[in-house]
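Beneath this line is the structure, given in structure tokens, with notes to follow.
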Amino acid sequence: MLADKIRQFRKEKNLTQEALATLLGAERTTVTMWESGSITPPTKYLVPLADALGCTLDELLRGEDT
């Protein structure tokens, strides 16, 4: 699930929700909602999110290791 992957990669990078939100130009509450699964990140955030988390889009969206 995308929410779990966002949380997992964020924690692996030792980023707080606030720090990730700042990197993306988003609000901390937005990251919280992504991680809870209550909303899905809009398409415009997917590439920057993967970059900030140090993973590929495949890893983020499909859970595939490259």
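The share of accessible area on the chain that comes from carbon and sulfur is 51 percent, using a 1.4 angstrom probe.
Backbone geometry of segment 46-62 corresponds, through the Karplus equation with coefficients 6.51, -1.76 and 1.60 at θ = phi - 60°, to 3J(HN,Hα) couplings of 5, 5, x, 5, 4, 4, 5, 8, x, 9, 8, 4, 4, 4, 5, 8, 10 Hz, x marking Gly and Pro. Pick from Gly37, Gly54, Gly25: which is most flexible by mean-square fluctuation in a GNM of the chain where alpha carbon atoms under 10 Å apart are linked? Taking springs between Cα atoms under 10 Å, the residue moving most is Gly25. Here the calculated FRET efficiency for Asp58 and Met33, from their Cβ-Cβ distance with R0 = 22 Å, stands at 0.40, rounded to the nearest 0.05. Evaluated over the Cα positions of the chain, the convex hull gives a direction-averaged projected area, one quarter of its surface, of 3.8 nm². Once the Cα-Cα distance is subtracted from the 0.36 nm per residue extended length, the Ala19 to Ala3 segment shows a gain of 4.1 nm. Rolling a 1.4 Å probe over the heavy atoms of the protein chains gives segment 1-56 an accessible area of 58 Å² per residue.
The values are calculated or read from the model by the stated rules, or taken from the named source; none is laboratory data. These numbers were taken from a predicted model, which means no experiment stands behind them. Heads up, the Cβs are rebuilt from the backbone with ideal geometry, glycines too, and the neighbour counts pull from every protein chain shown. Please note that ligands, DNA and RNA were not included when accessible areas were found on the heavy atoms of the full protein model with its side chains. Shrake-Rupley method; radii C 1.70, N 1.55, O 1.52, S 1.80 Å.
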